[in-house]
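> Take a look at this one; I'll ask things after.
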Amino acid sequence: MKPELKPQTSPVQGKQYRPILGEYYPLETLWAEDAPQPIFTSEGAASWFLRSNKVALAEARATAIHTGRIWVHTERFAAVAESVALHNAASRAGCVAA
């Protein structure tokens, strides 16, 4: 059973927003203080991650562009972020080629 999608309050505009195109939320849900599990601590950190991992995010269908804005599927985005973090840790430890 799918959980009911509840609107969240936007930290940018002070308004509530709902997911579009299924379960895609505005980009700011990645760092919003009121988000259930924010993935990043700031907009800059999220922007850097998006630029550095845009291919992996697109292949995982974690991002969508609608009306000129980036929208994120938070569960898929978190899975990509976890995969990248684990790869980075393994690379740093010398377990895999960078």
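> Using only the heavy atoms of the protein chains and a 1.4 Å probe, how would 50, 21, 30 rank by accessible area, largest first? It would help to have the intermediate numbers written out before the result.
Values: 50 25, 21 110, 30 0 Å².
Order by accessible area, largest first: 21, 50, 30.
> So how exposed is residue 18, as accessible area in Å² (1.4 Å probe, rounded to 10)?
150
> If you don't mind, there's one more thing I want to ask. Ignoring ligands, DNA and RNA, how do 67, 29, 74 rank by accessible area with a 1.4 Å probe, largest first?
I get 67, 74, 29, largest accessible area first.
The values are calculated or read from the model by the stated rules, or taken from the named source; none is laboratory data. Quick caveat: nothing in here was measured; it's all calculated off a predicted structure. Accessible surface areas use protein heavy atoms only, side chains included; no ligands, DNA or RNA. Shrake-Rupley method; radii C 1.70, N 1.55, O 1.52, S 1.80 Å.
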